[in-house]
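Undergrad: Pasting a structure here, questions to come.
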């Protein structure tokens, strides 16, 4: 399975997960200049959430060798996410409600044999 295909499957799983957990999805694959935000959502408490989705695949009978999707979130990627979120907020004032603010979340997904295997949601990373 190609990385782009794996990423799209993971993003679709994350999207459904967020919907099932009462998030309002505002945008997917939102571009800010050279950066991209995988999912922009509003938590049920009103917090604006910028989600990064990281997905890895484990083939039948193999493990990830201790390597997890979270390991792909580098410091540079974190800085890009913050920059993209700030650019979004500058162009969309009022999206982050004064009493709730905004945060960046990471959703890590492991696919096993091309289908959903495991999901971990890290809030306010």
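The values are calculated or read from the model by the stated rules, or taken from the named source; none is laboratory data. None of these values were measured; they are calculated from a predicted model. With ideal geometry, Cβ positions are generated from the backbone for all residues, glycine too; neighbour counts draw on all protein chains shown.
Undergrad: Condition check: more than 11 Å from the chain's Cα centre (by Cα), more than 15 Å from residue 123 (Cα to Cα) and surrounded by 14 or more Cβ atoms within 10 Å (Cβ to Cβ). Does residue 48 satisfy that?
TA: Considered against the rule, which asks whether it is more than 11 Å from the chain's Cα centre (by Cα), more than 15 Å from residue 123 (Cα to Cα) and surrounded by 14 or more Cβ atoms within 10 Å (Cβ to Cβ), residue 48 comes out as no.
Undergrad: So, residue 9, is that one within 16 Å of residue 102 (Cα to Cα), buried (at least 17 other Cβ atoms within 10 Å of the Cβ) and in contact (Cβ under 8 Å) with a residue 24 or more places away in the chain or not?
TA: no
Each row is one residue, and each column tells you yes or no for (1) in a helix (DSSP H, G or I); (2) under 10 Å from the mean Cα position of the chain (by Cα); (3) at pLDDT below 95; (4) under 21 Å from residue 82 (Cβ atoms).
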{"residue": "1", "(1), (2), (3), (4)": "no, no, yes, no"}
{"residue": "9", "(1), (2), (3), (4)": "yes, no, yes, no"}
{"residue": "14", "(1), (2), (3), (4)": "yes, yes, no, yes"}
{"residue": "19", "(1), (2), (3), (4)": "yes, no, no, no"}
{"residue": "26", "(1), (2), (3), (4)": "no, no, no, yes"}
{"residue": "31", "(1), (2), (3), (4)": "no, no, yes, yes"}
{"residue": "39", "(1), (2), (3), (4)": "no, yes, no, yes"}
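Undergrad: Within the stretch 45-125, considering only strands (runs of 3 or more DSSP E) that don't extend past its boundaries, which have at least 3 residues that are closer than 24 Å to residue 21 by Cα and at pLDDT below 85?
TA: Output list reads 115-122.
Undergrad: Run residue 24 past the list (1) surrounded by fewer than 16 Cβ atoms within 10 Å (Cβ to Cβ); (2) over 21 Å from residue 125 (Cα atoms) and report the number of the one that doesn't hold.
TA: (2)
Undergrad: Condition check: more than 12 Å from the chain's Cα centre (by Cα) and more than 30 Å from residue 112 (Cβ to Cβ). Does residue 75 satisfy that? Lay out the reasoning, then the answer.
TA: Details: more than 12 Å from the chain's Cα centre (by Cα): yes; more than 30 Å from residue 112 (Cβ to Cβ): no.
No.
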